[in-house]
Amino acid sequence: GLNLGNWVSVQRRSQDSISPERQQRLNDIGFVWDIKVEQWEESFSKLLQFKEANGHCRVPNKLKLDGFSLGRWVANQRETQDSMSPERKQRLDGIGFVWDVLAEQWEEGFNKLLEFKEAKGHCKVPETFKLVGFNLVAWVKTQRVKKDSMTAERRQRLDDIGFIWDLIAEAWEEGFSKLFQYKEAEGHCKVPAIFKLDGFYLGRWVSRQRTAQGKLTHERKQRLDNIGFIWDASKDKT
């Protein structure tokens, strides 16, 4: 018949006036004086459990662990970051807690691109490229779309590793480079229509420049003229 919940609440409210002997007896049986502190500790323990199993603290928003909504708790820590005690922040930092999810995702994408470049020697991620657990192709496209709104620091980091902002411009530069290479070797720009150089269809690229002559920028036309480009296909056959 005893209302135990009410009795426990009274002990918490009266903690400062309870005799040391009673406080000790309660402490000895693991009495919880501050429910919120206890709940935080239990939640932190769940996050630690998640990290030990997954190797990181990037908890999905809807994730539950043993019935506990860990995703919600993690989101709440981010929202209350400014009012959180330094001790709690330090403990979360100590296990690699992610305060800014978007920043963390960007860093992950950049690191994946860096790994790609180290393996391939360039940043031209093909559309068919697959990477387990991360969509690098989509990340690269997003950077191009957000180029103008991106921070100067991020743009510089991408520039430093040779990021390709304009695929069309990059493709043209590759074609011009191959044509220049061909001229250095042959002494002219009369490229056969079906000619390939290191797997690159140089003959087709040359034909496209002639077709698009009226649309080419003055700068590109000038560069082609400077290396003796043949605009008239009939002269190319002579």
Given charges at beta-carbon only (K, R positive; D, E negative), |dipole| of region 108-230 in Debye: 440 debye
Separation in nanometres of the label points that stand 7 Å from Cα toward Cβ, at Ser45 and Arg25: 2.6 nm
Heavy atoms of Arg144: accessible area, 1.4 Å probe, square angstrom to 10: 50 Å²
Å³ per residue enclosed by the Cα convex hull of region 104-196: 134 Å³
Accessible-area ranking of Lys178, Lys221, largest first, probe 1.4 Å: Lys221, Lys178
Protein accessible area in the chain, 1.4 Å probe - carbon and sulfur %: 50 percent
Dipole axis of region 92-148 (+1 Lys, Arg; -1 Asp, Glu on Cβ), positive-most option in His122, Gln105, Val132: His122
Point-charge dipole on Cβ atoms (K/R +1, D/E -1) for the chain, about Cα centre, debye to 20: 1100 debye
Diffusion coefficient, µm² s⁻¹, Stokes-Einstein with Kirkwood Rh over alpha-carbon pairs of region 152-204 at 4 °C and 1.567 mPa s: 101 µm²/s
All Cα pairs of region 17-100, percent lying beyond 14 Å: 68 percent
Estimated dipole of region 1-135 in Debye, rounded to 20 [Cβ of Lys and Arg +1, of Asp and Glu -1, Cα centre]: 360 debye
Long-range HN-HN contacts of Leu65 with modeled amide H, under 5 Å: Leu70
Å² of accessible area per residue within the chain, as computed with a 1.4 Å probe and no ligands counted: 67 Å²
Calculated FRET efficiency for the pair Asp160/Val37, C-beta based, R₀ 41 Å, to 0.05: 0.35
Too-long pairs where the Cα-Cα distance tops 31 Å, listed order kept, from Lys141/Lys215; Lys89/Lys147; Lys183/Lys215; Lys141/Lys178; Lys130/Lys196; Lys51/Lys124: Lys89/Lys147; Lys51/Lys124
Over the chain: helical MRE at 222 nm, DSSP H runs n ≥ 4 each giving -39500 (n - 2.57), nearest 500: -18000 deg cm²/dmol
Label-to-label distance, nm, for residues given as Asn135 and Asn3 (7 Å Cα→Cβ offset): 5.6 nm
Cut-off under 5 Å, modelled amide H: who pairs with Leu197 long-range: Leu202
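The values are calculated or read from the model by the stated rules, or taken from the named source; none is laboratory data. No experiment lies behind these values; they were computed from the predicted model shown. With ideal geometry, Cβ positions are generated from the backbone for all residues, glycine too; neighbour counts draw on all protein chains shown. Surface accessibility is based on the protein's heavy atoms, side chains included, excluding ligands, DNA and RNA. Shrake-Rupley method; radii C 1.70, N 1.55, O 1.52, S 1.80 Å.
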